[in-house]
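The structure under discussion appears below in the form of structure tokens.
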Amino acid sequence: MSKKQYDVVALGELLIDFIGAGDSEFGNPLYEANPGGAPCNVLAMLQKLGKKTAFIGKVGNDGFGKQLTEEVSSCGVDLSGLMHDQKIHTTLAFVHKLPNGDRDFSFYRQPGADMMLTEDEINEELIRSARIFHFGSLSLTDEPVRSATQKALRIAEDAGVLRSYDPNLRMPLWNSEELAREQILWGMAHCDMLKIADNEITWLTGKEDYDEGIHELQERFHIPLICLTLGPDGCRVYYKGKQMNIPGYRQANTIETTGAGDTFCACMINAVLEHGLDGFNAETLKKCAQFACAAASIITTRKGALKSMPEKEEVVSFLRTVE
């Protein structure tokens, strides 16, 4: 396998998101089985942006695992690093929309196949052949996948691969807040770019002032590029000692927010691929962040994430209408 064959290789959870789809004729709630999992959502958007990607993870050898394998593969993502567990079922998540537009998750993952990835199952050459390695915190919740993730990060570091991190906090999946904080902070010590949400920075640092929370992380971890997402209010980007505020693009026809953060994250990873981590000026970074916010806005008008990512031309066209 030639060096840097892939733009991005991601490791983590691949699961089914059951998203509300109305009620049956008898008044029972209906759910649509959408392929999901933050790392693969990110890869699906990167594929839309013309990048070559690969995924490392595990699903069950069941109907849902087969559905995920087929649908992720159809997005163009290389699945040579995907394993199939013969005993443990694919992880499921039921997504409930709250009155304020946010989401509540009910996970069926005790255990789930994504948790069972072992160190020996890591495809090391995939990681060494990537320009960027992307990971989240759900693969740090339990063993053996925690050790597998840590091994993958060591491989990436040794190979000089840039590392992208999205904590993607899902508290019900952690045994305790103390363990969640410990592992999420561990991830921050091993990344070059960070995407973090407003509620996550407040929870992690205890700071109600987002800038103070980000400053605390910068002082401790010296992460070159940090992107703070603010839901419909856009984002703040922190880069080389400077801060940039980018307003969001609200949609009157928003359905739900599944995948919005992953879409944003993918677009910012794409920006680093195209400009280099040290290659941004203020104007370039602003345009990249605006593109990321616009793409995230578009995905909120669709159900699901992985198979609903917008085309690059859609985002460009949308930006023309709001400028």
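The mean sequence distance of close C-alpha pairs (under 8 Å, at least 6 residues apart), as a share of the length of the chain, puts its relative contact order at 17 percent.
Full extension of the segment from residue 198 to residue 311, taken as 0.36 nm per residue of separation minus the current Cα-Cα distance, would add 38.0 nm. For the stretch 72-166, the relative contact order works out to 24 percent when only alpha carbon pairs closer than 8 Å and six or more residues apart are counted. Rounded, prolate or oblate for the stretch 183-323? Axes are the square roots of the Cα gyration tensor eigenvalues, ordered a ≥ b ≥ c, and the cut-off for rounded is a/c under 1.5. Note, shape of the stretch 183-323 comes out prolate. In the stretch 213-247, whose amide N lies under 17 Å from the spot 7 Å out along Cα-to-Cβ of residue 282? List them in ranges. Residues passing the 17 Å test: 236-247. For the chain, a crude dipole built from +1 on the beta carbon of Lys and Arg and -1 on the beta carbon of Asp and Glu, taken about the Cα centre, is about 800 debye to the nearest 20. Here the relative contact order of the stretch 192-308, from alpha carbon pairs under 8 Å that lie six or more residues apart, stands at 24 percent.
Computed from the C-beta positions of residue 158 and residue 250 and an R0 of 51 Å, the FRET efficiency is 0.70 to the nearest 0.05.
Farthest towards the positive end of the charge dipole of the stretch 1-143, among the residues 80, 139, 14, is the Cα of 80, using unit charges on the Cβ of Lys, Arg, Asp and Glu.
Counted over the chain, the DSSP beta bridges are approximately 45% antiparallel.
Shown for the chain are the DSSP H helices of 18 Å or more along their axis, judged by Cα atoms, with a mean Kyte-Doolittle hydropathy of at least 0.0: 260-275, 282-299. Mean residue ellipticity, 222 nm, helices only, the chain: the sum of -39500 (n - 2.57) across DSSP H runs of n ≥ 4, divided by residue count and rounded to 500, is -11500 deg cm²/dmol. Put simply, when 186-195, 291-300, 249-258, 36-45 are sorted by average Cβ atoms within 10 angstrom per residue, most first, you get 36-45, 291-300, 186-195, 249-258. Taking 81, 279, 248 in turn, the Gaussian network model of the chain (Cα-Cα springs below 10 Å) assigns the largest fluctuation to 279. Label-to-label distance, residue 243 versus residue 178, with points set 7 angstrom from Cα along the beta-carbon direction: 3.3 nm.
Read the figures in this text as sums done on the coordinates, not as results from a lab. This is a predicted model, so every value here is computed, not measured. Neighbour counts run over all protein chains shown; Cβ positions are idealised from the backbone, glycine included.
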